[in-house]
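The values are calculated or read from the model by the stated rules, or taken from the named source; none is laboratory data. These numbers were taken from a predicted model, which means no experiment stands behind them. Using ideal geometry, Cβ is built from the backbone for each residue, glycine included, and neighbour counts are taken over all protein chains shown.
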Amino acid sequence: MATKTLSLKRTLNAPIAHVYRAFTNATSLREWFCDGAMVQPRVGGRLYCQWEDGHALMGKYTALTPEKKIALDLRGDEEGTYSQCVITLSAKDDVTTLQLSDSSESKLWIKTADERQAKWDAALDNLKSVLETGIDLRQTRQPVLGVEISETQPGDEGVRLDGVTEGMGACEAGLQQGDVILSVNGKKTPNWNAIGAALNGHAAGDKVKVVFRRNGKTMNATVTLSARPAPEVPATAEELAEIVARKYTEVNRDLTQAFKGVSEEKAARAPAPGEWSARHVLAHLIAEERNLHTWLTDLIAGNEPWYDAATGALRIRLDAVINGFPTVQALLTELKRNEAETVALLNALPDEFVARKGSYRRLALRMLSWPDHAREHLDQIVAAVRH
C-alpha cells in the first residue's frame, strides 16, 4: 500500500530546549498549537490536544531523545488510523533547525494531505513566532468585537459585557456595558471562549450578526470586526512588577474613596435578593486575586490546568471570605495584602521563565490589564452602598 509523507522544515531563533519543550509540555503546546492539552512525555505516554471548536488530536509518544527527536503516532478524534509523525532537532548556538515528517497509508489521510500540510505549515509558523517573539499569531490574526467581559450572573445565558472599546466594532454598533451576548453569527456564546470560536475564519472588516439581551429584551446588531491590537510588554519582570504595583496603588485609592463615610450596615446590604453587597464585591476581588496566584504559579511551573469555569464569583466562597474578614477595612487590607503577594511573585519571576517568550508574554499581557478588573467594579460598589 502506498504511503504519503509530508515534510516540513523551519529554522528557529530559539534554544533547542525550548523547541523540544514545545512538543512535550502541555502548557507550551497550548501556546502555539492547540487550546488545551494533556501529555505524558515518555515512550508509550499519551498525548491529547483539543480546540475550542470541538475537534481533538490524540496519540502517543513512540520515541523521545531529549533535544534531538520526538516521534508520535497521531490521529484525529474522527479518524480510525494513526499517522506517524517524527520531529528531529539540531542546533548551532541558539539557532535550531526543526524537521517534521508526517506519514500514513490511510486513503482518507492521503486524500486530505494538502489540507494537513497547510495546517502543519500554519502551526509551525506560529511556533516560530511564539518562540522568537512571544506573539501567538492565532490571536493577533483573529479579529475582535471590541468588548470587555464581566463575570457571569445568575440567569445569564451568554457573555455579559463590562464595557466596549471606543472606536471598535461593538461600540460603533451600539452595544454597551451590561449587555449579554447570546450568539455570534448564529453560534451560541455561553462563555468567552465561545466568542473566539465563533470568530474563527473571519478577518478584520468582516461583518457578523450579534444577538444580545439588554434589560430583558433580545436585540440584534451587525458588528464590523476590528483588528486585534498587539501591545508591547515590559522587557523585564522588575519593570512589569513596577507597573502593576503602580496600577494597584491607583485603583486602591479609588476603592478606599468609594467606601468613605459608608457604614458597615450599608456595605453589607445587597441592592436586591441574589445581588452582591459592596462587601461581596471586595470578597470577589480577593478571591480572584488568590485565583491569580494559582494561575501564575501554574504557568511558571509549566503546569497550567484546563479550567471549565471560573470560581471567583461563587457566593459560598464570597461569604466565606467575608466570614474571615467581616469589616470593610479588613477586606480592603486583605485585598492589598494579596496584591502585594502578586507583585512579589512578578518581581521574583525566574530568568528562565522570562526567556520562554510565549509564556512570559501571556503573563505580562494579563497582568497589565489585571488591576482594571477592580476598577470595573467601582460603579457596582457605589450603586450598592447608595441603595
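Quick look at the numbers
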read-out	value
Qualifying positions in region 299-315 - in a helix (DSSP H, G or I) and either of a type in the set (D, E, K, R) or closer than 16 Å to Glu52 by Cβ (or both)	Arg315
Residue check for Pro229: touching a helix residue (DSSP H, G or I) at 6+ places or on another chain (Cβ under 9 Å), closer than 30 Å to Glu352 by Cβ and part of a loop (DSSP other than H, G, I, E, B)	yes
Options Asn291, Asn303, Asn323, Asn347: the member that is modelled with pLDDT under 95 and either under 23 Å from the mean Cα position of the chain (by Cα) or not assigned by TED's automatic domain parsing to the domain that holds Ala37 (or both)	Asn303
Unmet requirement for Gly54, which otherwise passes all of (1) out of contact with any strand residue (DSSP E or B) (no Cβ under 8 Å at 6 or more places or on another chain); (2) farther than 20 Å from Ile135 by Cα; (3) touching a residue at least 24 places away in the same chain (Cβ under 8 Å)	(3)
Residues of region 336-370 classified as closer than 21 Å to Val321 by Cβ and surrounded by 21 or more Cβ atoms within 10 Å (Cβ to Cβ), total	2
Subset of region 210-221 [farther than 14 Å from Gly146 by Cα and either in contact (Cβ under 8 Å) with a residue 60 or more places away in the chain or not aliphatic (A, V, I, L, M) (or both)]	Phe212, Arg213, Arg214, Asn215, Gly216, Lys217, Thr218, Asn220
Region 229-243, residues that are without any contact (Cβ under 8 Å) to a residue 60 or more places away in the chain and either within 19 Å of the chain's Cα centre (by Cα) or buried (at least 18 other Cβ atoms within 10 Å of the Cβ) (or both)	Pro229, Glu232
Hits in region 6-57 (condition: touching a Lys or Arg at 6+ places or on another chain (Cβ under 7 Å) and within 26 Å of Lys188 (Cβ to Cβ))	Gly36, Ala37
Residue count, region 251-280 (criterion: within 19 Å of Thr342 (Cα to Cα) and of a type in the set (A, V, I, L, M, F, W, C))	2
Of all residues making up region 157-214, the number that are surrounded by fewer than 14 Cβ atoms within 10 Å (Cβ to Cβ), under 28 Å from Gly36 (Cα atoms) and among the small types (Gly, Ala, Ser)	3
Neighbours by Cβ (under 7 Å, 6+ apart or cross-chain): first from region 1-14, surrounded by 15 or more Cβ atoms within 10 Å (Cβ to Cβ); second part of a loop (DSSP other than H, G, I, E, B)	Ala14/Asp94
So Arg337, is it more than 27 Å from Pro231 (Cα to Cα), modelled with pLDDT of 95 or more and of a type in the set (Lys, Arg)	yes
Residue match in region 12-26 (condition: under 19 Å from Ser103 (Cα atoms) and among the charged types (D, E, K, R))	no
Residues within region 356-379 that are free of Cβ contacts under 8 Å to residues at least 40 places away in the same chain and more than 14 Å from the chain's Cα centre (by Cα), tallied	1
Filter pass, Arg269 being in contact (Cβ under 8 Å) with a residue 24 or more places away in the chain, within 30 Å of Thr189 (Cα to Cα) and surrounded by 13 or more Cβ atoms within 10 Å (Cβ to Cβ)	no
Residues within region 232-284 that are under 30 Å from Lys357 (Cβ atoms) and either modelled with pLDDT of 95 or more or assigned by TED's automatic domain parsing to the domain that holds Val321 (or both), tallied	19
Top-ranked residue in region 286-326 [being among the hydrophobic types (A, V, I, L, M, F, W, C) and surrounded by fewer than 12 Cβ atoms within 10 Å (Cβ to Cβ); ranked as farthest from Ala355 (Cα to Cα)]	Ile316
Residue under evaluation Thr224, criteria (1) touching a residue at least 60 places away in the same chain (Cβ under 8 Å); (2) farther than 26 Å from His377 by Cα; (3) buried (at least 17 other Cβ atoms within 10 Å of the Cβ), criterion not met	(1)
